[in-house]
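Notes for the one structure printed next.
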Amino acid sequence: MVVFTNVKKKDIEHLGDKEETKTIYETLRMKHHGVMMILYASEKLLLQGKKDKVEKVADLLKKAGIGKEVKQEEFRTETGWVIGSDEALKGDTFGGLVVAAVKADTNIRKKLEELGVKDSKKLEDTEILVMAKKIRAIAGCEVKSILPLEYNRMKHVTLMLNHLHHECANFLGPGKHIVDLYPGCAVGDIRETKAESKYIEVAAASVLARAAGLEQLNFLSKEAKFTVPKGSTHVKEGLKQLQERKLDFKRFVKVDFNNVKKFLEG
């Protein structure tokens, strides 16, 4: 997969055979010589298909001065079965914790590369949900999603993280287990910082973890009857909503976070 940014619909809609869009976030979907071209409302264009054909379409766009190509990830080459695991929601005030793992061999790794798998932080929420579904169809996967109520019963978050990473990898094993290193990490055959940008299995796991995190936040939003915020920077309004609606904080947020403690202390 190749990605272009700053692409206008009017500049490419004449290039291929149009197809029906599959999500509300797509503004155009069409095929050009076997390459699927998907344009999002954010003006990001995805080219999917066989590498040689994708490269030809990419060259066509560059020669025409359409958009800007985004540099793709270059992952390390591994052999045999590899299991990558990563987590999501760990630093979010709302939500609990998610850990995901993905297992791949040489053949599956090639398919993940063709899919355009990359560090989830470099993808938009709309892309994450679509890509997560495709990853599940390609590779062995396992996801553990812990809601805030269960999270708040735990006394040691790091021990919980170690347990969840191990549990996900053990379910998919055997295979070399690679973990995106976090403070106190005591699992995995290989532990590396920013592993999601070095190993495609960890990158795929980061996509699944973030997708499950988004699904958990959507669930909590329905329960709370307002859209709960992501992250931890701009969450005060969300905390006020919980208080005004007289909702149990333990069901929605991590009550041991300093910003939550300060808010509850008044």
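No lab work stands behind these numbers, since they all come straight from the coordinates. Remember, it's a predicted structure, so these values are computed and weren't measured experimentally. Methodologically, a virtual Cβ is constructed for each residue, glycine included, from the backbone with ideal geometry; neighbour enumeration extends over all protein chains shown.
Paramagnetic label reach from Glu215 (point 7 Å along Cα→Cβ; backbone nitrogen cut-off under 15 Å): within segment 84-118, residues 88-89, 96-102. Rounded to the nearest 20 debye, the dipole size of the chain about its Cα centre is 420 debye, using +1 on the Cβ of Lys and Arg and -1 on the Cβ of Asp and Glu. Specify whether the C-alpha gyration tensor of segment 2-70 places it in the rounded, prolate or oblate class, a ≥ b ≥ c being the square roots of the eigenvalues: rounded for a/c under 1.5, otherwise prolate if a/b is larger than b/c and oblate if not. Because a/c hits 1.5 or more and a/b fails to exceed b/c, segment 2-70 counts as oblate. Straight Cα distances below 17 angstrom link Lys22 to the aspartates and glutamates Glu13, Glu43, Glu124, Asp125, Glu127, with same-chain residues fewer than 8 positions distant left out.
Once you mark the GluC sites (Glu not before Pro) that are in a DSSP loop and have at most 11 other Cβ atoms within 10 Å, what is the longest gap between them in the chain?
On the way: sites that count: Glu20, Glu74.
Counting only loop sites that pass the neighbour cut-off, the longest clear stretch is 75-266.
Helical runs (DSSP H, four residues minimum) scored at -39500 (n - 2.57) apiece and divided by the length of the chain put the mean residue ellipticity at 222 nm at -12000 deg cm²/dmol. To the nearest ten degrees, helix 157-172 and the longest principal axis of the Cα atoms of the chain are 50 degrees apart. Look at Asp256, Asp86 and count the other Cβ atoms within 10 Å of each Cβ; fewest to most, that gives Asp256, Asp86. Oblate is the label for the chain. Its Cα gyration tensor axes, ordered a ≥ b ≥ c, give a/c of at least 1.5 and b/c at or above a/b. Is segment 82-219 best put as rounded, prolate or oblate by its Cα gyration tensor, with a ≥ b ≥ c the root eigenvalues, rounded for a/c under 1.5, and otherwise prolate when a/b is larger than b/c, oblate when not? The shape class here is oblate.
Of Ser145, Ser120, the sequence from fewest to most neighbouring Cβ atoms within 10 angstrom is Ser145, Ser120.
Compared with the direct C-alpha span, the chain from Val255 to Lys56 gains 66.4 nm at full extension, assuming 0.36 nm per residue. Residues Thr233, Thr27, arranged from fewest to most other Cβ atoms within 10 angstrom of their Cβ, appear as Thr233, Thr27.
Computed from phi, the 3J(HN,Hα) profile of segment 10-21 under the Karplus parametrisation 6.51, -1.76, 1.60 (θ = phi - 60°) reads 5, 7, 10, 4, 8, 7, x, 8, 6, 10, 6, 5 Hz, with x in place of Gly and Pro.
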